[in-house]
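Below is one structure, written out as structure tokens, with a few remarks after it.
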Amino acid sequence: QSSVAIAVEAIRQRKTVYENQLDPARYLMAAEFGARSIMAAPLVVSNDSIGAAVFLHCSDPDFFTPDLAAKATILAGQLGSLLEANRLTQVSREEHRRTKILAEVAQALRSAPESAAVAEAVADRLRVLLRTRLVCMMLREGTAFSLRAVAAESPQLAASVRARHDR
């Protein structure tokens, strides 16, 4: 079994595993670091194993014990919790960003008296929401389409799109 296999086994079994008295001929990657003992603890996030924390010891060939494996399991659990908290924070920020943009759209719909200004405001907020360089709002009337609003990251891009459409 290789050094990578220890990590894979920890992930697959969803438990901390260790190997003492490593044979450098069998554990080439660990031997590169002078490791004589190796341990891997799975990183679990949202009930999914996403990786493993691997620990090497270079002087004691019998370093890892059930007690150290239990401590590594706790550490990996805390790290998994931290990763999950970070993911949830990012999701929350994105939801907050979207909610704020939708509130701005609602405000634009309420405060802009003319339909052209409303279309421009909605297009601009959609561009921010979608994180895109350009949003065009088209209106279909029968078989023809008319350009109602253009929201672009720069005035030059907006003017270019309007000019191309007018041609």
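The values are calculated or read from the model by the stated rules, or taken from the named source; none is laboratory data. Everything numeric in this text was worked out from a predicted model, so none of it was measured. As a convention, Cβ positions derive from the backbone with ideal geometry for all residues, glycine included, and neighbour counts pool all protein chains shown. Just the protein is used for accessible areas: all its heavy atoms, side chains included, with ligands, DNA and RNA removed. Shrake-Rupley method; radii C 1.70, N 1.55, O 1.52, S 1.80 Å.
A few points about this structure:
- Calculated accessible area for the chain comes out at 65 Å² per residue, all protein chains present (probe 1.4 Å; ligands, DNA, RNA ignored).
- Per-atom-type breakdown for the chain gives carbon and sulfur 57% of the accessible area (1.4 Å probe, protein chains only).
- Translational diffusion of the range 25-167, µm² s⁻¹ [Kirkwood Rh, Cα pairs; Stokes-Einstein; 25 °C; 0.890 mPa s]: 120 µm²/s
- Other residues lying with their Cβ under 15 Å from the Cβ of Ala35 contribute a combined charge of -3, Lys and Arg counting +1, Asp and Glu -1.
- Qualifying chymotrypsin sites (Phe, Trp or Tyr not before Pro) in the range 23-81, where qualification requires a DSSP coil assignment and no more than 15 other C-beta atoms within 10 Å, comprise Phe33.
- Placed amide H near Ala149: partners under 5 Å, 5+ positions off or other chain: Met137
- The chain: DSSP helices with Cα axial extent of at least 15 Å and average Kyte-Doolittle hydropathy no lower than 1.6: none
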